[in-house]
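Step one of this worksheet: look at the structure below.
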Amino acid sequence: MKILTLNFLTCARKACKAEPAAFPLHPRDAELEIVEAELNTEFLRNVLPRVEWEALRVVTEELGLPSLPNVAPEPDAIFPAASTAAAATANETPANPAPTQLLQDLHHLLLETTILSGKLVCGNCGHEYAVKEGIANFLLPSHLV
Amino acid sequence: MSRPEDTLPPDLFYNDSESRKYTTSSRIQHIQSNMTHRALSLLSLTHPSLILDIGCGSGLSGEILSSPDPDTPGGPHIWIGMDISASMLAVALEKEVEGDLFLADAGQGVPFRPGTFDAAISISAVQWLCNAETSDESPAGRLSRFFAGLYGSLRRGGRAVCQFYPKNDEQKKMISSAAVRAGFGAGLLEDDPGTKSAKTYLVLTVGGGQLDGDITGVVSGIEGVDVIDSRRKHREKGRREVKGGKAWIMRKKEQMERKGKVVKANSKYTGRKRNIAF
Ligand SMILES: [Zn+2]
């Protein structure tokens, strides 16, 4: 499971629905795997505004990954200006500018770093979701639905 | 042909051998792939998006979602798949699909925070929600949890397309009205209606974004989609339009006329039942 996915995942229990502590789920005994993926700049441009930075910081720290800055980087710092405003004014097709280091780092963290196995624990109810071979088991016994 | 969802729940029906059969049958692969492309055309995605695949199975649709433009409009997309069958997911794992996989029951909800997905897709899965095995689960409850969860997990202005095989008209209505109750603007599209290969697509939109608050706006703009508008039903109480009835025929004729087609003039016989003469 990609770190990106974990940034959107909540506890499945109804009782945890509106509880702030039910997000993010906390990885425990996690075994990580790096799975190479092609850089998808336009996807990151689309999805990054939706990423909860504070939750990402918490999770990366819990996983023992290099710590992130306190606040989310500005889009201008992530995406080279040539592919935004400048390209719109220039009539030529923009040459693909080299991705910034920041963009590559975010790509690596969000889309290439995955949880291969372990548990995801809800901070509100304590329910543990098992992850095996990258697949998280979110089936709930019917009394917990 | 017997309907698999009438015999066993999906997690038991799609056991290891059934899953393998399903994913290696080239006929099924072909149909699935066509339906995925059809659903994608209804989603009209213009850039790489985050997509939920409900009932992703072995990732047949997912592989299409991961393909680049122009094979897959707006692609490559990043997708997250949910399926209740561990055997199906095992096949997906073997194929090393690019999406993240969840063993989860859509009838229990959609465990993602509000506004997560740009779009959702579901191929041949939603009818499974209509069978409940235990007494503490009703099909209505499972449908309601699913659509409420799906609605919440989509962005404003997001869309979902669910192709499903309704058992009958009653089930079709039950599923689409559950979606409308959850807040979706909804429409039904049928390809090859009345034939053995009929396909039903439930097209869902989440209001907001560029939709000017009209939840049915987008759905009604899609060619061939019949809008399910819960509000209209209330307004026109008492003179419900029956498909094939006079009001329905008049409206269809009007539509055709507006499109510049030649239609027969209306008369007192329009929409009347003819007596069959032997
Ligand atoms: Zn919880």
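The values are calculated or read from the model by the stated rules, or taken from the named source; none is laboratory data. Keep in mind that this is a model prediction, so the values were computed, not measured. All Cβ positions, even for glycine, are placed from backbone atoms using ideal geometry, and neighbour counts span all protein chains on display. Note: accessible area is taken over every heavy atom of the protein model, side chains too, but ligands, DNA and RNA are not part of it. Shrake-Rupley method; radii C 1.70, N 1.55, O 1.52, S 1.80 Å.
When the accessible areas of A alone and B alone are added and the area of the pair subtracted, with a 1.4 Å probe, the result is around 2500 Å², both sides summed. Close amide H contacts of B:Gly115 (hydrogens built in the peptide plane, cut-off under 5 Å, sequence separation of 5 or more or a different chain): B:Ser153, B:Leu154. Accessible area per residue for the protein assembly as shown, computed on protein heavy atoms with a 1.4 Å probe, is 52 Å². Taking A:Ala55, A:Ala12, A:Ala81 as the candidate residues, the one with maximal mean-square fluctuation in a Gaussian network model of chain A, Cα springs under 10 Å, is A:Ala81. If R0 is taken as 41 Å, the Cβ-Cβ distance between B:Ser33 and A:Glu31 corresponds to a FRET efficiency of 0.75. Net length available on complete extension from A:Asn70 to A:Gln104 is 10.4 nm, with 0.36 nm assigned per residue and the Cα-Cα distance removed.
In this structure the amide hydrogen of A:Ala30, modeled in the peptide plane, comes within under 5 Å of the amide hydrogens of A:Lys119, none closer than 5 places in sequence on its chain. Kirkwood radius, the protein assembly as shown, all distinct C-alpha pairs, inverse of mean reciprocal distance: 23.3 Å. In the range A:1-31, the residues that give up 30 Å² or more of accessible area when the other protein chains are added, compared with the chain on its own (1.4 Å probe), are A:Lys2, A:Thr5, A:Phe8, A:Leu9, A:Thr10. The mean count of C-beta atoms from other chains within 10 Å of the C-beta of residues in B:105-112, rounded to a whole number, is 6. Charges on Cβ only, +1 for Lys and Arg, -1 for Asp and Glu, centred on the Cα centroid of the protein assembly as shown; of B:Gln163, A:Ser67, B:Pro70, which one is farthest towards the dipole's positive end? Checked the options; the winner is B:Gln163. Each of the peptides B:142-153, B:18-29 was scored by the mean count of other Cβ atoms within 10 Å over its residues; in descending order, highest first, they stand as B:142-153, B:18-29.
Based on DSSP, what percent of beta bridges with both residues in the range B:4-230 are antiparallel, to the nearest 5? For the range B:4-230, the DSSP antiparallel bridge percentage is about 45. In degrees, nearest 10, range 0 to 90: what is the angle between the Cα axis of helix A:53-62 and the longest Cα principal axis of chain A? Value to nearest ten degrees: 60.
Note on A:His143: accessible area is roughly 150 Å² with a 1.4 Å probe, heavy atoms of protein only. With 32 Å as the limit, write out which pairs from B:Lys21/B:Lys252; B:Lys167/B:Lys246; B:Lys199/B:Lys246 have Cα-Cα distances beyond it, or answer none. Exceeds cut-off: B:Lys21/B:Lys252. In terms of accessible area, using a 1.4 Å probe and ignoring ligands and nucleic acids, A:Glu54, B:Glu96, B:Glu190 rank largest first as B:Glu96, A:Glu54, B:Glu190. Ranked from largest to smallest solvent-accessible area, with a 1.4 Å probe on the protein heavy atoms, B:Asp226, B:Asp191 come out as B:Asp226, B:Asp191. Looking at the protein assembly as shown, the DSSP beta bridges with both ends there are about 60 percent antiparallel.
An ellipsoid equivalent to the range B:4-230, defined through the eigenvalues of its Cα gyration tensor, has semi-axes of 24, 21, 17 Å when rounded to whole angstrom and sorted largest first.
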